[in-house]
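Here's the structure we're looking at; comments come further down.
The values are calculated or read from the model by the stated rules, or taken from the named source; none is laboratory data. Note that this is a predicted model, so its numbers are computed, not measured. Using ideal geometry, Cβ is built from the backbone for each residue, glycine included, and neighbour counts are taken over all protein chains shown. We work out accessible area using only protein heavy atoms, side chains counted, and drop any ligands, DNA or RNA first. Shrake-Rupley method; radii C 1.70, N 1.55, O 1.52, S 1.80 Å.
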Amino acid sequence: MNEPQPVPTRDRLLDAAERLFGEHGFAATSLRTVTVAAEANVAAVNYHFGSKEGLLRAVVERAMAAVNGERLRLLEELRAPGDRQPTVEELVGAFVTTGARLVARSGERGAAVARFLGQVISEPDPAIRRLFAAEVGPAEGQYLDALRAALPQLPATEVAFRFRAMVGLLGLYQSSALGDLHPGGAAEIVAPAGDDAGRLVTFLTAAFHAPPTTDGHNASPG
C-alpha cells in the first residue's frame, strides 16, 4: 500500500493561514501562530512568500483564482456574439452565483475559505482591503463597467456604490453570517430552505434597478 505523500510546506502554510486568518482576522493572528499550526518556521514563510502580507496575498489569490476566472469566462459568453450588452439580470446572476458556489467548489476547505473571505472583506485595516481589491479588481472592474453600460440612467458613482453593496452582501452570504442576522433571533422570519443564491440575485437585481438617489435620499417612486 502506498503511503500518503507529505503535504508541501508551502501548502501547509497556506492552509493554516487561511483557517487562522478566517477565524481571528489578519492583525490578530501572529506569524508564529501560523507557523506552529503549519509545523513550519518563520524562515519558510519568508522563503515562500516574503512576509506575512505576502502570505495573505497568496491565500487570497488561491481562494479567488477560480472565481475570477469563471466570472471573466461568463462575462465573455454574455457579450458574444457581436459584443452585445448583457442585461443587469445576467450580470448580477453571473457575478453572484460564481461567488455563491465558492464554498462547494472548495471541497473540504469550503468553510475555511468562506470565513477567510468574510474576514478579509470586513477587515478594518484599509491596506488589507486594498490588497484584496487588487486581487479581484480586474474581474470586478469589468463587471462594474458592464453594469454602468447597462444602467445609463444612473450616475456612475451610484452604480459603483450599489456594486460595492453587492460585494459586501455576497461576502456575508459566503461566510454564512447573513443567515445569522435575524433581528431578535426570531425563527419565524427565516426563509424556507431553497435557492438562497437565487433570492440574493433577485434582491440585488431589484436594487440595481431602483431609481437614482437625490441629495442622499431615495427618489420618489414613479
- Message: Take the conditions of a type in the set (Asp, Glu) and part of a helix (DSSP H, G or I) and apply them to residue 15. Does it pass?
- Response: yes
- Kindly indicate which of 45, 36 is modelled with pLDDT of 95 or more, buried (at least 17 other Cβ atoms within 10 Å of the Cβ) and of a type in the set (Val, Ile, Thr). 45
- Message: For the structure I just gave you, tell me whether residue 25 is open to solvent by less than 60 Å² (accessible area, probe 1.4 Å), under 19 Å from residue 115 (Cα atoms), within 19 Å of the chain's Cα centre (by Cα) and touching a residue at least 12 places away in the same chain (Cβ under 8 Å).
- Response: yes
- Message: So, residue 159, is that one open to solvent by less than 50 Å² (accessible area, probe 1.4 Å) and under 18 Å from the mean Cα position of the chain (by Cα) or not?
- Response: no
- Query: Scanning region 88-109 for residues that are more than 13 Å from the chain's Cα centre (by Cα) and small (Gly, Ala, Ser), which turns out modelled with the lowest pLDDT?
  - Reply: 106
- Cβ-Cβ below 9 Å, separation at least six or inter-chain, first residue in region 86-103 and closer than 13 Å to residue 73 by Cα, second part of a helix (DSSP H, G or I) and acidic (Asp, Glu): which pairs? 94/70; 94/77; 95/140; 98/70
- Message: Residues that are under 23 Å from residue 205 (Cβ atoms), small (Gly, Ala, Ser), open to solvent by less than 30 Å² (accessible area, probe 1.4 Å) and in contact (Cβ under 8 Å) with a residue 24 or more places away in the chain: does region 61-77 have at least one?
- Response: no
- Message: Step by step: first the residues of region 186-222, then only those that are at pLDDT below 50 and either within 16 Å of the chain's Cα centre (by Cα) or in a helix (DSSP H, G or I) (or both), then the one that is nearest to residue 139 (Cα to Cα). Which residue is that?
- Response: 189
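Looking at 26, 21 in this structure, which one is assigned to a loop (DSSP other than H, G, I, E, B), at pLDDT below 95 and either closer than 22 Å to residue 136 by Cα or in contact with a helix residue (DSSP H, G or I) (Cβ under 7 Å, 6 or more places away or on another chain) (or both)?
After applying the criteria, what remains is 26.
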